[in-house]
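Reviewing the structure listed below.
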Amino acid sequence: MKNEKVINNRIRKLTRKIENDPGDMTALLRERAGLWEQLGDLGEALNDLRKILEKNPEDISTKNRIQYLQMILRFNNMDIFSDTNTNHDPWME
C-alpha cells in the first residue's frame, strides 16, 4: 500500500513534468510506463510506450516492450474454456 502511494506520487510528478516541460519526453514516458507496469496498469503503460514510438518509430527496445506487454494482456484475458476442441491447447499458440 505504501509503495503504491509512492508510485502514484511519482506518476503524478512525471505527468506534470511531461505536460509543463517535456524536455526528454522519451525518458519521462519510459519511466512512467515502467511505473504503470508496477501498478499492474498495462494499458496505461502501452499508451506511454506507443507515444514513444510515435516520436521514434525505429526504437527496438520500445517495440519489444510493447510486444511483451501485449502478450501478457493476451494471456491474462484468454478464456481457456471458450474452445471446446480438446485437442487444442490455448497455451501452445
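Hey, got the dipole for the stretch 1-48? About the Cα centre, +1 on K and R Cβ, -1 on D and E Cβ, debye to the nearest 20?
280 debye
Rounded to the nearest 10 Å², what accessible area does Thr26 have for a 1.4 Å probe in the complete protein model?
40 Å²
What is the gain in length, in nm to one decimal, between Glu44 and Glu4 on full extension, counting 0.36 nm per residue of separation less the C-alpha to C-alpha distance?
Details: separation 40, 0.36 × 40 = 14.40 nm, distance 1.56 nm.
So the extension gain works out to 12.8 nm.
Need the full-extension length gain, Asp59 to Thr26, defined as separation in residues times 0.36 nm minus the C-alpha distance. One decimal, nm.
10.8 nm
The values are calculated or read from the model by the stated rules, or taken from the named source; none is laboratory data. Bear in mind that the values here come from a model prediction, so they are computed numbers and not experimental data. For neighbour counting, all protein chains shown are included, and Cβ atoms are generated from backbone atoms with ideal geometry for every residue, glycine included. Note: areas computed on protein heavy atoms with side chains; ligands, DNA, RNA excluded. Shrake-Rupley method; radii C 1.70, N 1.55, O 1.52, S 1.80 Å.
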